[in-house]
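The values are calculated or read from the model by the stated rules, or taken from the named source; none is laboratory data. Remember, it's a predicted structure, so these values are computed and weren't measured experimentally. Note: ideal-geometry Cβ built from the backbone for every residue, glycine included; neighbour counts use all protein chains shown.
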Amino acid sequence: MLFRHPKLRRLLWFVALTLLAAGSARASLFEKGDILMVQVAPDAIHFNPSPEHADFSWLVGAELLFPSRWLVGAAYFNNSFDQKCQYYYFGKSWPLDFISDNDYFKNLYFKLTGGVLLGYKEPYEDKIPFNNNGVAPGVVPGLGYQFGDFNVQLNLLGGAGLMFTFGYNVIKW
């Protein structure tokens, strides 16, 4: 049974308690103002390219965005070592319109997510910190810009590199 694994059970408790602490637990799943966003990334830019790196690192994901700017999401990606991985996360975004009154800044935002990375296995398990049997914590800061229902983000992947993601708001409640 799925819940017999102590690590998974602890992770689920952590996620549930974090959502409660963040005020994101609600009576109904979707409420007015919620947005479902899908995103893709065509590749990653490495700070230190290596012959070990895959020719093509990609990402597909989905995020549920709440009017409070809290969010939850999941991403499926091909890591730098051609391993299929997942990132399950929660986070928040903050508007950066205070930088200037210029219209260019009104849709700029900073986003910070944290969660669990799954899939970094031998012989690359040491490429991310705190990895234990392919399970590791992850934190991804990003800078984004919203164009109507479209967005583009530049995400920092630890000390390894950067990834541009392109998103689209598919459903608005």
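Do the conditions hold for V116, that is, is it more than 19 Å from A44 (Cβ to Cβ) and of a type in the set (A, V, I, L, M)? Give the derivation first.
Numbers: more than 19 Å from A44 (Cβ to Cβ): yes; of a type in the set (A, V, I, L, M): yes.
So V116 passes the test.
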Task: Residue ID - modelled with the lowest pLDDT, chosen from residues in segment 37-74 that are part of a strand (DSSP E or B) and among the small types (G, A, S) - done: A44
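Do the conditions hold for Y145, that is, is it surrounded by 15 or more Cβ atoms within 10 Å (Cβ to Cβ), touching a residue at least 24 places away in the same chain (Cβ under 8 Å) and within 23 Å of L64 (Cα to Cα)?
Values: surrounded by 15 or more Cβ atoms within 10 Å (Cβ to Cβ): yes; touching a residue at least 24 places away in the same chain (Cβ under 8 Å): yes; within 23 Å of L64 (Cα to Cα): yes.
Answer is yes for this residue.
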Task: Residue among F110, F90, F77 that is at pLDDT 90 or above, in contact with a Cys (Cβ under 6 Å, 6 or more places away or on another chain) and part of a strand (DSSP E or B) - done: F77
